[in-house]
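**Student:** Would you mind keeping the following structure in view while I ask a few things?
The values are calculated or read from the model by the stated rules, or taken from the named source; none is laboratory data. Values in this document were obtained by computation on a predicted structure and should not be read as measured data. All Cβ positions, even for glycine, are placed from backbone atoms using ideal geometry, and neighbour counts span all protein chains on display.
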Amino acid sequence: MSEAETIPLELHFRRKSDGRYSVKSPDLPGLFLASDDLEALKRDIDIVIRDLFYFNKTIFIDDVLWKPSKDAAFEVVRKLVPAKETALPETHTVRLQRAA
């Protein structure tokens, strides 16, 4: 798959001072998930990204490609120290494979 067939999406992860995790994206309006259950965020994020691209931009996404892997990205997020809102987020960029 070439770079031209994918769309980059920057994700910003935070761990709030109350211990909850959150993720949002400056590239995708409406993407904001928060939970104290990181596994729930991990499970839900790909489908939310696909749905928001379809409903906001009428773009069909076949796959969300995590590099490093989704497991590796979420392991980094799991280790985040709770921080104030002013702290810089943990940023990951995923590539979205457009439907043919």
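**Student:** Looking at region 27-56, which of its residues are within 17 Å of THR91 (Cα to Cα) and in contact with a strand residue (DSSP E or B) (Cβ under 7 Å, 6 or more places away or on another chain)?
**Tutor:** ASP27, LEU28, LEU31, PHE32, LEU33, ALA34, LEU38, LEU41, ILE45, ASP46, ILE49, listed by residue number.
**Student:** From ALA4, ALA87, ALA83, which residue is surrounded by fewer than 14 Cβ atoms within 10 Å (Cβ to Cβ) and either out of contact with any helix residue (DSSP H, G or I) (no Cβ under 6 Å at 6 or more places or on another chain) or modelled with pLDDT of 85 or more (or both)?
**Tutor:** Among ALA4, ALA87, ALA83, only ALA4 is surrounded by fewer than 14 Cβ atoms within 10 Å (Cβ to Cβ) and either out of contact with any helix residue (DSSP H, G or I) (no Cβ under 6 Å at 6 or more places or on another chain) or modelled with pLDDT of 85 or more (or both).
**Student:** Another one. Which of the residues that make up region 34-64 are hydrophobic (A, V, I, L, M, F, W, C) and surrounded by fewer than 16 Cβ atoms within 10 Å (Cβ to Cβ)?
**Tutor:** ALA34, ALA40, ILE47, PHE55, ILE59, PHE60 - these are the residues of region 34-64 that are hydrophobic (A, V, I, L, M, F, W, C) and surrounded by fewer than 16 Cβ atoms within 10 Å (Cβ to Cβ).
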